[in-house]
Structure formats: C-alpha cells, structure tokens
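Every read-out reported here was derived from the displayed coordinates using simple, explicitly stated rules and does not represent laboratory data. The structure presented is a predicted model; accordingly, all values stated were derived computationally and were not measured. A quick note on method: Cβ atoms are made from the backbone with ideal geometry, for glycine too, and the neighbour counts reach across all protein chains shown.
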C-alpha cells in the first residue's frame, strides 16, 4: 500500500460513513458504506486471498485514491451510499440499469384530472405509478380503467370559466359512457374527484376496498331511488371483480407486500418484484442489473433492494425475499423511516408464502436466461466470464470459441476421444465431435490426445476453416505437451492451448513450468470447469456406447445361424444379452424368425458367458455403466 494511503487510513474515524475509491483519472470506481470507516477501508487494502473474489482484486489494482464522508448513523450511510451509486453508477458496484425508458402511469393534478402514460414523470405536478417494466400488463390495466371509470381522455384545459362560457363541446366519449362530461359541467368537481379516487385505488390494486366502497355507494343511491346511477356503479363493481378474478391469489386477502428476488450467474444479473395487494399479485416489475459479474446473490439482492426502493413511490409493510442479507437491519430501518411505519424483510419458510417466493425466484432465473439470450444475439457482445478468461490467462484475443478434448477408455480398451465446442460461454452441440482412437494400443492417454488433436486441427486447416480461439485439454503437463506437439506438427504452433488438471483445478500453459491457480470463485475458472466437465461427459458417453456394442457383438454375432435380423429380434424380445442367456431353448425358439437349431446354438454359445465373464462383464451394481476405472 502507498505510504500516504496507509497514513490516511490510520487517521480515518472508527465511525459510520461512506467511502469512495477512485482511479488515477479521479473516476469513482466503487462506493461502500461502513459501520467503522477505518476498519472497513483497511480491510480492502489487505493482501488479497488467492481464492477470494477476483472482482475485488481487479478493483484494488486500480485504486489510487479514496474519499470518505462521515455520517451520524449507519442508516444515513446506507442512504448516502444508495444515492451515490444512483448518481455516479460506479463500475464495481451492482447498479440498477437506467429506467428512463420504462413507462409510468400519471394521474394529473388538475381540477378534472386525466390518467396518462409518460416516460419521464413529473412527480411534483402529478401522482405517479410505476415504472411498468411489463408494458403489456400496463396496457391491460389502462384498458380496464377506460372501460370501468368515466374519466376524460382529452387534453382540454377545463376550468369553471370554460364550463360557464361553454367553450368546449361534449365529445363522443360521453355518449359512449366513457366520460362524465366535465367540459359541459355534467359532473361536478367533487363527483369527478370520487371517480379519480376510485381509479387510484384500482391502479394500486386495492380492489377489495374499492368494491366495498362502490357497493356502499350503490346502496345509498338505490335507497334514494337513483336507480340509473346505482346501475352504473353495479356495472363498475362487476367489471372490477372480473378484472380481479384474473389476478393470481397470493394467500391472505388482507396481504399487502412485495415479493423480491434477484438472480446472477457470472454473466449478468437481474431483479424482480411482484406487487401483492389485497392478497393478489397485481403487478410484476423486472430490471436488469449492471456490474454484477461474480457477485454473490445476497450482495446482488441487497444492492437491488436499496436501489429499487430508493426510487419506489410506495413501500409495503412487508417485503418477502428468498434469503437473508448481511445488512437486513439497516435496510429495514431505512425503509421504515421512508414509509413512516414499520417495514419487515422476511424469508418465508413454509406454506403459501414460501411457494410464492419459490415461484418468484424461478421467474428471476428465467428472466436472467431471457436477458442473456437477448445479449447473445448481439454479435459484439462478450459474456463477462469469457472476458474474465481472456484477462486471467493473458490471451491475445477473446476466447469466444473454445474447443475441449478428453480421452476415455477402460484399461486401454475401446479408447475414444471427445471434442466439445463452447461459443460465448455456451455449448454448441452441433459442433461436437467423437474420435475412435486408431493408433494407440493399451493405455497411452498422451498418444491418444495427440491423435485426436492432430485429426481435428489438420482437418480444419485442410478445409480452410478458422482455428478455435482456445483449445482446452483435460489433464496436466503430459496431455498438454502431447497437444502442443500435435499442433506444431500440423503447422499451428501458435494456437492458444491450455490444460486443466482435475485434482487441484490447476491451469497448465505452454512454456511455463509452474501451474496457474485461478481463484475458486472466479467466473473464468467456472467457465473452464463447465467446458472440461462437458468434454468428459461426452467422452464417457461415447466410450460406454462402444463398449456396449462390443459386448453384444462378442456374444451373439459369432453364433451360427444368428444374423443381424435374428440378433435384433432377440434383443428386442429379451432386452439384453444377459436375459437371452437366462432364457430357455423353448423361449428363444418362440422369438419371431428363430428355429430350434438356431436357439440351441444360442444357448450353447452363451452358456459360458455368465455375469462377470470376459465377454459379458457387468457393473457391480448390476447396471451397464462402466466400473470405476473408466476415464
């Protein structure tokens, strides 16, 4: 640590506050809050743990200066942190993506208010609801408002003077029953205000109380023999109840809460909020999150909660989350202060609330997949895990296409190789290839690897196809050396290639005597593990299929009188060679196409092929998977 920074850290107060890390250009890289500034800032500058967060190591390599702001309490620090993150959008904080493009519903503050949709709401001059990230559901809500409540849609400036002077003529909406006609004074300002209040309750999802209010007003009108107005309210009640019936029930009819979940996988992150009002889910809001690569989900959820409710117009008394967060008490205290009454963060453990929370969390993961798909359709997009792999391995180009090789055999028999392809961190199964190793007798993984790499690379060069950005071989120095020799023999000695050993997850690179260990939590290591494990799975699957075919061939193909058709019929009838061996001559004769002499030949041929014999080995558990020696 620089001596000047060390001295400044020692002089920091051991009290709450916010600190801002900056780079050489003075740009804010990270904003954090602390219960004790001195301890928290010092912890950032300690020698990093090799298995720690790679994001933090990269951050601290760029920090050359910091500022701090002392606060009177941890709650003030939390609020200040959230505001700084919103304003500066630091590269190493989890950030809620800019929501300026999301629509809001606005109820204007006019003598006769209107309900409109805006992108940039003016909260001082209107009542605002949103943002609505699901535009389709917002349009359904607006359509229901137009059908149920007689609210004007025109942009006229209606005042007492314009009504008295009759400056405006009533429009078709009035005759259709969709407007009360305030422009000609056919509804008083107080009556119109009642309609607006009911509309607001409908937008907020307080339909149970809205229906109760409408029913009470309808009874009053009916008692006063205002049957036509009562009938209008009856129709409104039915329309509200019909709209309400399409909403998912979320348990207690009195429930008023938000269901919040966040998901991240190293390539991106997102947050999801379901609004529960009067015991029903009335709205869903979804948000992408930036700069969340490799961040653990509790950290993502905490950041999302603070940034979402910093902007929210309404905070419910209860917020359900899928798991706990470190600063739960501070967040609860902050939200309670904003609301003016108690707000609780709850992790539901059982019953309907737990079921709903599981549903919301699953929706968050599906949203994450959808966002990833949208990004992947952009040709220039590089997943963070792929970019991290380039950085951690010091590769000259981004490893968008990775081809991985693995060898599988059983004690040197049926040796095969697999090759799998990953593009932008995702498997491309149409590019997978299988190799029967021809030049190797017995156990020689190095020679088998050399043959597989040679055949693949030589074909790519012969057909004029581009080479992959990175080759990964499953194994250590020996397998890597074999692959490098094969590449040089093919004239592709400059091809990037690495080996990944299983035991300690060590990365071996050409020309380096020592292995490289990537942080356990790093996105780059997770990507390499996924690629390596997929290559291993594909190789073992191919080996098992070849071994099974060899077992069948050695047992039945050499039996006199048994050709392909009869062999197929026997296996279809009995299911396996072992079942054929256990069958009687009469049972074998009964198979379509079989004769008794052929059945006798089968029985005699298989009599020496019981379980465990050289021609018919079986797994100790009785299945057809290979024993533990399979590689």
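Let me know the Rg and Dmax you get for region 354-509 when you use only its Cα atoms, in Å.
Expressed in Å, the Cα Rg and Dmax of region 354-509 come to 18.3, 60.
Under a point spin-label approximation (7 Å from Cα along Cα-to-Cβ), what is the residue 488-residue 116 distance to one decimal in nm?
Rounded to a tenth, the inter-label distance reads 7.4 nm.
How compact and how long is region 67-181, expressed as Rg and Dmax of its alpha-carbon atoms in Å?
According to the Cα coordinates of region 67-181, Rg and Dmax are 20.9, 65 Å.
On C-alpha positions alone, give me the angle between the axis of helix 384-393 and the longest principal axis of the chain, in degrees, nearest 10.
Between the helix axis and the principal axis of the chain, the angle is about 50 degrees.
If each residue's Cβ is checked for other Cβ atoms within 10 Å, how do 171, 490 rank with the fewest at the top?
171, 490
Return one number: the angle in degrees, 0 to 90 and rounded to the nearest 10, between the long axis of the Cα atoms of helix 523-552 and the longest principal axis of the Cα atoms of the chain.
40 degrees
When DSSP assigns beta bridges and you keep just the ones with both residues in region 256-376, what percent turn out antiparallel, to the nearest 5?
About 75 percent, rounded to the nearest 5.
Taking 51 Å as R0, compute the FRET efficiency from the Cβ-Cβ separation of residue 458 and residue 97 and round it to 0.05.
E between residue 458 and residue 97, to the nearest 0.05, is 0.65.
From largest to smallest, what semi-axes in whole angstrom does the chain give when each is the square root of 5 times an eigenvalue of its alpha carbon gyration tensor?
64, 39, 22
If each of residue 516 and residue 62 carries a label point 7 Å out from its Cα toward its Cβ, how far apart are those two points in nm?
Using points 7 Å along Cα→Cβ, the separation is 2.0 nm.
Between residue 350 and residue 436, what is the spin-label point distance in nm, taking each point 7 Å from the Cα along the Cα→C-beta axis?
A separation of 5.9 nm, rounded to one decimal place.
Packing-wise, with mean Cβ within 10 Å as the measure, how do 296-304, 256-264 rank, highest first?
Output ranking for 296-304, 256-264: 256-264, 296-304.
Rounded, prolate or oblate: which fits region 179-242, taking a ≥ b ≥ c as square roots of the Cα gyration tensor eigenvalues, rounded meaning a/c under 1.5, else prolate when a/b beats b/c?
Because a/c hits 1.5 or more and a/b fails to exceed b/c, region 179-242 counts as oblate.
In percent, what relative contact order does the chain have, based on Cα pairs under 8 Å that are 6 or more apart in sequence?
Reported as a whole number, the value is 9 percent.
How high is the FRET efficiency between residue 396 and residue 8 when r is their beta carbon distance and R₀ equals 30 Å, given to the nearest 0.05?
Taking R0 as 30 Å, the efficiency between residue 396 and residue 8 is 0.20.
For region 386-525, give me the percentage of DSSP beta bridges that are antiparallel, rounded to the nearest 5 percent.
70 percent
Please report the antiparallel percentage of the DSSP beta bridges confined to the chain, to the nearest 5.
80 percent
Measure nothing fancy, just the Cα-based angle from helix 328-339's long axis to the longest principal axis of the chain, in degrees from 0 to 90, nearest 10.
Its long axis makes an angle of about 30 degrees.
Assuming R0 = 30 Å, can you tell me the calculated FRET efficiency for the pair residue 235 and residue 336, based on Cβ-Cβ distance, to the nearest 0.05?
0.15
Counting alpha carbon pairs within less than 8 Å and at least 6 residues apart, what relative contact order, in whole percent, applies to region 386-525?
21 percent
Given the rule -39500 (n - 2.57) for each run of at least 4 DSSP H residues, summed and divided by the residues of the chain, what is its mean residue ellipticity at 222 nm, to the nearest 500 deg cm²/dmol?
Rounded to the nearest 500, it is -13500 deg cm²/dmol.
Taking a ≥ b ≥ c as the square roots of the eigenvalues of the Cα gyration tensor of region 429-547, is the shape rounded (a/c under 1.5), prolate (a/b larger than b/c) or oblate?
rounded
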